[in-house]
Amino acid sequence: MSANTDAVTPVDTRALWGEAMAAARLREASFTTLSGDELQAVYGPADVELDSERDLGWPGQFPFTRGVHASMYRGRLWTMRQFAGFGTARQTNERFKFLLDHGQTGLSVAFDFPTLMGYDSDDAIAAGEVGQVGVAIASLADMETLMDGIPMGEVSTSMTINGPASILLAFYIAAAQKQGVDPSAIRGTLQNDILKEYQAQHAWLVAPEPALRMITDMMAWCSAHAPQWNTISISGYHIREAGSTAAQELAFTLANGMEYVRRGVAAGLDVDAFAPRLSFFFDSHLDFFEEIAKFRAARRIWARKMRYEFGASDPRSWMCRFHTQTAGVSLTAQQPENNIVRTAFEALAAVLGGTQSLHTNSMDETLALPTEKSVKIALRTQQIIAEETEVPHVADPLAGSYFVEAQTARLEAEAEATFAEIESRGGVVPCIEAGYFQREIHRSAYAYQRAVEAGEKRVVGINCYTEEEPDGPPIEVHRIDPRVGEEQTDGLAALRARRDDAAVGRALDAVREACRGTDNLLERFVQAAHAYCPLGEISAVLREEFGHFKEPQIL
Amino acid sequence: MSSAADIVERLKAGERAAVARLISWAENGDPRFGGALGALFERVGRGRRTGITGPPGAGKSTLTNEFTGLSRAAGRTVGILAVDPSSPFSGGALLGDRIRMEERTSDSGVFIRSMASRGSHGGLARAAIDACDVMDAFGFEELLVETVGVGQAEFDVMEAVDTVVVVLCPGAGDGIQAMKAGLLEVADVLVVNKADVAGAERLLTDLEDAVSLRRRAEGAWEPPVVACAAGRGEGVTGVWEAVERHRAWLAVDGHLEARRARLRLAQVRGAVAEGLDGRLWRSGGLDERARALLAAGETPYDVAAELLSAVSAGSVEPEEVSGS
Amino acid sequence: MTERKIRVLVGKPGLDGHDRGAKTVATVLRDHGMEVIYTGLHQTPEMIAEVAAQEDVDVVGLSILSGAHMALFPRVKSELAARGMGEVLLVGGGIIPPEDAEALEAQGYARLFGPGSPTEEIAEWIEARMSERLAGEGGRA
């Protein structure tokens, strides 16, 4: 001890570090975030301005930076929810049962494009697309088949649909009722985030204003009749996948969330009656620390906005609960097995960021729908994090990291600046109509593509460590039976033949009347579902009554 | 590779791809174009030509689409030329105006052509006139030319039409800006779009004042100022009626003939300028002489004067452009 | 106005709304000096072919991520042919399994660029094919 007397003399290690850095030879690389923002070589106390009680709190406590539950994953692990759906309702039903048998704890339905756009499987515009990227659900009959043998009062189901979301929820409610399950017992989440459809994903049915009315009708109906149903999953995922930066994903998504809250309040609902049923859906990309910071910032911003701006008093209204999916855009068709590794890092970031549920992508998704084997590996990836890494034992383990806290604060500040920008342009809907979000996302996507092609951003298998591709498909490809379209068309024809046309006519008239008046639209959709009105016929009434939305020109 | 005679026959037979190809020839300065247009010229002159211009975001495409709807409802066919600026950096262009008029794609009574400005002096106006002539020869009854009013080249496009509609809206470029940009000088009809937005009333008054203050010759046309909300389809009929009134004015006292004479002169000037430009410079002769004189230490203006007098004296014998 | 420019239609047939790739490629081609007509989303093969004809394009580029590629490329090709546009270069991209891409290329429907293809490669391929073609036509079409 006495030999080490130097240790008591104060030494300015920061200055010494600075000298050493100035003299150091650095690698030829761009030291930036995935979004291209410059990073410091190291972060220290001077980079963080943190009042831990005010800015972090404790898990389960305002402002929830450290997580929405006090016990976090010691109480319950995140829900491992793999998005699935393809072909017919019967085939997807079988895949659901397979996943439930393998330990999956919730269902997640992917729909095909005709369903997502509100067209019946036998519509001419649906040719070639029926059952291709998800399941085709054209009526209550298909929904009954989809949920056949699955107890709807026990399982929690997530449905990824937006434009015609209310109609699909009506099919789900009606199918539950047919199983003898009351709407008050159904649990699950509807994506139902129409704002990001105009911004990024582009599957809308009608113009923004009537679409928002359908959503407030649903919020009103569900808070009265289906209180366990999460009405909107406000989604940054598609915004990110369309090319935004992490900061844009965060800001646009929360701006959309606030818009839904404003609409609910304007429709006369008590904010605490519907806000607890709003949840979020984020992307988890490869920039490990930026992603973790993004999740933490999302919780903090939402809690502050809901409490201080919207005056919510129920703590559940303050909580930003979210589902996460690993980044589909980060996967490469080249050397596809590498995607397992990418997905694992992204999944770990989501868990470190405190997600409530998680979908891990399969390695073959850039080529086609995943095979059963690759879906299983993706699920196993989550199970390895949960069971082997010992990560879930400690809540928000990165809190206090100079770097992570600095990133969290930066993302929050950028989000605030974006909210102000949206406000100055008249709000979310005028920004959609003017193409503001779409243009911003395109710019980021383009900048990223240029950075990859210039070699500034490195992607293994794309611009470094490339290999000659082996002949033939490197991995097995999951194919949809081309007869799916025929089967669906035949099913619809049979349905149209056996249903009560007069009842269908009355139900559609009631929908039309509700469009023109103030009747709750979801209520009318449930009645139409029971009359076996197909999705396309109900959507056609909405398009006629509400008019369509033309994509703004942004290029 | 088709000949001029070929394409003329196909156009006369009602083939729309022939219209498209002829417009490409006009754009590219293809030497076959002159002959083809000559063979069709007796069919030119029946179409009514309306230009729609204004600052970016004023709603030109939406208004053009609405005009198209009105014309179609009246049973008239429509040919549309949508001009967008080329990138000054790459020379390329992103032409996205069609998105606003998407539902017209499946209407066989409507033809839409996008044209990039290609940043050439005067050439754009000539190409726009040519394109209108081609659509006119095919038999389209209403010819609509839409262009953003940002630069001189785009401005000159309005040479191609009989009636110029200038679209403004509150916020995106106010009345003063429009006056500075010279938009008021070319306007036959002034439109305040997005009339439901704050500031529209003020813009309307400003424009009315500006129009009434302008000195005009006896019997000259006084541009009406009309309000509409094209996005909602409101007031568009009123705008179209103003266009019709201008046409009625054109129809008397030789006004239309005067306009068309101006248009033909612009076309000739464009063709001559481009032809000379190509012959003098691209064939290389003048270029070399200029370089040599500059290298010998002469000032740019001395060199220019020397070359001009050489051209006037006929001592420059430009080579024929190959293929013409 | 005397320079021959390569004109390209970039469009999204079918119902899928993932336009990131289409918009990026459209912008890259513009940066390569091409004139790009962007038709936007949810186009039918008939609409795409009709626009291609009216715009007299040299190239049609389609982006398909909906799995409907085997149905859509042949339909676009035949609609183009029906409008006298059989010579147009058809290129595509999206989520297309390699053996489907090979089948479509072998049958002459289109040149397909898989996921991860540099956009520069697409631009250069078009430039190379067009310069061959224009040389064959004595510099003009």
Segment A:361-374, subset at pLDDT 90 or above and in a helix (DSSP H, G or I), residue nearest to C:I64 (Cα to Cα): A:S374
Residue that is farthest from A:R439 (Cα to Cα) [pool: residues in segment B:78-126 that are more than 7 Å from chain C (Cβ to nearest Cβ) and assigned to a helix (DSSP H, G or I)]: B:A125
The one condition in (1) farther than 22 Å from A:P534 by Cα; (2) β-branched (V, I, T); (3) buried (at least 23 other Cβ atoms within 10 Å of the Cβ) that A:T216 fails to fulfil: (3)
Residue pairs meeting the criteria (Cβ under 6 Å; at least 6 apart or on separate chains; first farther than 18 Å from B:R232 by Cβ, in segment B:190-218; second part of a strand (DSSP E or B) and basic (K, R)): none
Residue match in segment A:262-277 (condition: surrounded by fewer than 24 Cβ atoms within 10 Å (Cβ to Cβ), within 14 Å of another protein chain (Cβ to nearest Cβ) and in contact with a Lys or Arg (Cβ under 6 Å, 6 or more places away or on another chain)): no
Selection status of A:V261, in contact (Cβ under 8 Å) with a residue 12 or more places away in the chain and part of a loop (DSSP other than H, G, I, E, B): no
Residue within segment C:66-78 that is among the hydrophobic types (A, V, I, L, M, F, W, C), part of a strand (DSSP E or B), within 12 Å of the chain's Cα centre (by Cα) and more than 8 Å from every other protein chain (Cβ to nearest Cβ) present: no
Residue count, segment C:110-130 (criterion: surrounded by 16 or more Cβ atoms within 10 Å (Cβ to Cβ), within 14 Å of chain A (Cβ to nearest Cβ) and touching a strand residue (DSSP E or B) at 6+ places or on another chain (Cβ under 9 Å)): 7
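Based on what the data block shows, is A:E49 of a type in the set (D, E) and modelled with pLDDT of 90 or more?
When the stated conditions are applied, A:E49 passes them.
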Residue match in segment A:421-439 (condition: touching a Ser or Thr at 6+ places or on another chain (Cβ under 9 Å), under 30 Å from A:A170 (Cα atoms) and either modelled with pLDDT of 95 or more or not in a loop (DSSP other than H, G, I, E, B) (or both)): no
Those residues of segment C:44-59 which are within 21 Å of C:Q107 (Cα to Cα) and away from chain A (no Cβ under 11 Å), in sequence order: C:I48, C:A49, C:D58, C:V59
Flag if B:E274 is surrounded by 15 or more Cβ atoms within 10 Å (Cβ to Cβ), outside the structural domain of B:P31 (by TED's automatic domain parsing), among the charged types (D, E, K, R) and at pLDDT below 90: yes
Index of the failed condition, C:P13 passing every other in (1) at the interface with another protein chain (Cβ under 9 Å from one of its Cβ atoms); (2) over 24 Å from B:A18 (Cβ atoms); (3) modelled with pLDDT under 95: (1)
Count - residues of segment B:245-261 that are within 15 Å of the chain's Cα centre (by Cα) and either of a type in the set (F, W, Y) or modelled with pLDDT under 90 (or both): 0
Total residues in segment B:23-57, condition within 14 Å of chain C (Cβ to nearest Cβ), among the aliphatic types (A, V, I, L, M) and within 29 Å of B:L70 (Cβ to Cβ): 2
Residue that is farthest from A:L495 (Cα to Cα) [pool: residues in segment A:106-149 that are among the hydroxyl-bearing types (S, T, Y) and either within 12 Å of chain C (Cβ to nearest Cβ) or surrounded by 24 or more Cβ atoms within 10 Å (Cβ to Cβ) (or both)]: A:S108
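I'm trying to understand the selection: among the residues of segment B:251-271, which are farther than 22 Å from B:D130 by Cβ and either within 14 Å of chain C (Cβ to nearest Cβ) or crowded, with 17+ Cβ neighbours inside 10 Å (or both)?
Passing the criteria: only B:H255.
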Matching option when the condition is surrounded by 21 or more Cβ atoms within 10 Å (Cβ to Cβ) and touching a strand residue (DSSP E or B) at 6+ places or on another chain (Cβ under 7 Å), among B:S24, B:S86: B:S86
Some residue of segment B:65-78 being touching a residue at least 60 places away in the same chain (Cβ under 8 Å), farther than 23 Å from B:N193 by Cα and either surrounded by 23 or more Cβ atoms within 10 Å (Cβ to Cβ) or not charged (D, E, K, R) (or both): yes
Matching option when the condition is hydrophobic (A, V, I, L, M, F, W, C) and either within 13 Å of chain C (Cβ to nearest Cβ) or surrounded by 21 or more Cβ atoms within 10 Å (Cβ to Cβ) (or both), among A:F437, A:F403: A:F437
Which listed residue, of C:L62, C:L41, is facing another protein chain (nearest Cβ under 8 Å), assigned to a strand (DSSP E or B) and either among the hydroxyl-bearing types (S, T, Y) or in contact with a Lys or Arg (Cβ under 9 Å, 6 or more places away or on another chain) (or both): C:L41
Identity of the residue in segment A:286-336, among the charged types (D, E, K, R) and either modelled with pLDDT under 95 or not in a helix (DSSP H, G or I) (or both), that ends up surrounded by the fewest Cβ atoms within 10 Å (Cβ to Cβ): A:D314
Residue satisfying condition, being in contact with a helix residue (DSSP H, G or I) (Cβ under 9 Å, 6 or more places away or on another chain) and free of Cβ contacts under 8 Å to residues at least 40 places away in the same chain, within set B:E102, B:E146: B:E102
Residue, farthest from the other protein chains (Cβ to nearest Cβ), within segment C:83-101, restricted to residues that are at pLDDT 90 or above and within 15 Å of C:S117 (Cβ to Cβ): C:V91
Every residue from segment A:511-551 that is of a type outside the set (G, A, S) and not in a helix (DSSP H, G or I): A:T518, A:D519, A:N520, A:Y532, A:C533, A:P534, A:H548, A:F549, A:K550, A:E551
Which numbered condition B:L143 fails, given (1) in a helix (DSSP H, G or I); (2) under 13 Å from the mean Cα position of the chain (by Cα); (3) more than 12 Å from every other protein chain (Cβ to nearest Cβ): (1)
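The values are calculated or read from the model by the stated rules, or taken from the named source; none is laboratory data. A quick note: this is a predicted structure, and the numbers were derived from the prediction, not measured. A quick note on method: Cβ atoms are made from the backbone with ideal geometry, for glycine too, and the neighbour counts reach across all protein chains shown.
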